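A short worksheet on the structure shown next.
The values are calculated or read from the model by the stated rules, or taken from the named source; none is laboratory data. All values reported here derive from a predicted model rather than from experimental measurement. Glycine gets a Cβ as well: all are built from the backbone with ideal geometry, and neighbour counts include every protein chain shown. Accessible surface is based on the protein model in full, side chains and every heavy atom, while ligands, DNA and RNA are left aside. Shrake-Rupley method; radii C 1.70, N 1.55, O 1.52, S 1.80 Å.
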Amino acid sequence: MSQTSPQAAVLTELEPVVAENLDRHIRMAKEWHPHDYVPWDEGRNFAFLGGEDWSPEQSRLDQTAKAAMFVNLLTEDNLPSYHREIATRFGRDGAWGQWVGRWTAEEGRHGVALRDYLVVTRGVDPVELERARMDYMTTGYDSGDKTPLEAVAYVSFQELATRVSHRNTGKATGDPIADKLLARIATDENLHMIFYRNLVTAAFDIDPDETMKAVANEVMNFEMPGANMANFRKNSTIIAKAGIYDLRLHHDEVVSPVLRTWKVFDRSDLGPEGEQAREQLADFLTGLDAQATKFVESRERMRARMLAKGQTPVQV
Ligand SMILES: [Fe+2]
Ligand SMILES: [Fe+2]
């Protein structure tokens, strides 16, 4: 990107806001240690060292908790790709560079903690997990040709989405230790979301039209970073059926609160292009809301059918 491009200008204009929010983030973030959240006394050797290899009955997690933990950990595992994405867009200098480093270090903790927990408690098959990690990281993650503004808008939603999904995964495990660990990770994700959300708030004041277009684009094309991992479709269906992450949560707890903070539908500073993007966004949200209602209704019918058959539907 040339240093005179409008996108580079936005990054320069946002730099003081990044510095201020980096300070705020460091003041707010509390130190924590992955090893504190792992029940090491449950650990034992695998066959390679004379112990026993993994088998399904060793896991205390049901199919839903397994699927959600698997997706959450693999999503965290692809950190080198996410680092590359933000380091290339935001740069390695000044406050932007410091944020990229700090964020990467915090995210690194999430994968370490989840993997230690799962391997020690034998929650999921470690061989399947390792093969899926190799696969997913080899493919890598590519967010396409997002501009820096689109990237900050995207991560505002994405960090909040991971917060919701980690928090509800914790509940779904039925294990107080996993619940505590995932709540701790979710707190980090929330602070990440606030950092990016504050940048977008500032971007709206600098360039309302361009920011509105970027926000509308990211909401309308939103995809979780894990979308290209092994079994994503199957696992995300399980996750949605249990209410860990579904369209209703996406609309009500991720997209809507963030848009409200930016006063997207109350702004009076938009030109024709921003106005047009806002109208498209409003139409999209109406459709998303209707789809979410349909999904929840069909899930309710499915749960009622299961109860009638004497089965217990999984829900968080
Ligand atoms: Fe994370
Ligand atoms: Fe995060």
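What to note about this one:
- Surface accessible to a 1.4 Å probe, per residue, for the residues of the chain, Å²: 49
- In degrees, nearest ten, helix 6-28 long axis to first principal axis of the chain (Cα): 50
- Summed side-chain charge close to Ile185 - residues other than Ile185 whose Cβ falls under 9 Å, Lys, Arg +1, Asp, Glu -1: +1
- Projecting the Cα positions of Pro257, Ala277, Gln315 onto the charge dipole of segment 189-316 (unit charges on Cβ atoms of Lys, Arg, Asp and Glu, taken about the Cα centre) puts Gln315 furthest along the positive direction.
- The GluC sites (Glu not before Pro) of segment 192-257 meeting both criteria, a DSSP state outside H, G, I, E and B (loop) and at most 13 other C-beta atoms within 10 angstrom of the site's C-beta, are Glu223.
- Pairs with C-alpha atoms separated by more than 24 Å, drawn from the list Lys263/Lys294; Lys146/Lys241; Lys30/Lys66; Lys66/Lys241; Lys171/Lys234, are Lys263/Lys294; Lys146/Lys241; Lys30/Lys66.
- Extended-chain gain in nm, criterion 0.36 nm per residue less alpha-carbon gap, Gln63 and Arg233: 59.7 nm
- Taking a ≥ b ≥ c as the square roots of the eigenvalues of the Cα gyration tensor, an a/c ratio of 1.5 or more together with a/b larger than b/c marks segment 200-316 as prolate.
- For the chain, the relative contact order works out to 22 percent when only alpha carbon pairs closer than 8 Å and six or more residues apart are counted.
- Cβ-based charge dipole, the chain, positive-most Cα from Pro208, Pro176, Phe70: Pro176
- Of the chymotrypsin sites (Phe, Trp or Tyr not before Pro) in segment 213-316, the ones in a loop by DSSP (not H, G, I, E or B) with at most 13 other beta carbons within 10 Å are Phe265.
- Taking only protein heavy atoms and a 1.4 Å probe, the accessible area of the chain is 52% carbon and sulfur.
- Net charge of Cβ neighbours under 11 Å - reference Leu281; Lys, Arg +1; Asp, Glu -1: -2
- Rounded, prolate or oblate (a/c below 1.5 giving rounded, otherwise prolate when a/b exceeds b/c) for segment 114-161 by Cα gyration tensor: oblate
- Think of the chain as having a plus end and a minus end, set by charges on the Cβ of Lys, Arg, Asp and Glu; of His33, Met306, Met220, Met306 sits farthest toward the positive end of this dipole.
- Using a simple spin-label model with pseudo-atoms 7 Å out from Cα toward Cβ, Thr261 and Ala183 lie 2.2 nm apart.
- Overall form of segment 1-108: prolate. Here a/c, set by the Cα gyration tensor axes a ≥ b ≥ c, is 1.5 or more, and a/b is the larger of a/b and b/c.
- Stretching the chain fully between Met220 and Arg92 yields a gain of 43.1 nm (0.36 nm per residue, less the alpha carbon separation).
- Taken about its Cα centre, segment 1-153 carries a charge dipole of roughly 220 debye when the Cβ of each Lys and Arg holds +1 and the Cβ of each Asp and Glu holds -1.
- Subtracting the Cα-Cα distance of Ile206 and His83 from 0.36 nm times their residue separation leaves 41.7 nm of extension gain.
- Separation of the Asp145 and Val296 label points, Cα + 7 Å toward Cβ, nm: 3.9
- The charge dipole of segment 148-287, taken about its Cα centre with unit charges on the Cβ atoms of Lys, Arg (+1), Asp and Glu (-1) only, comes to about 820 debye.
- Taking the chain as a Gaussian network of alpha-carbon nodes connected by springs under 10 Å, the highest mean-square fluctuation of the residues Gly174, Gly144, Gly287 belongs to Gly144.
- The local environment of Ala95, defined by Cβ-Cβ distances under 13 Å, has a net charge of -2 under the rule Lys, Arg +1 and Asp, Glu -1.
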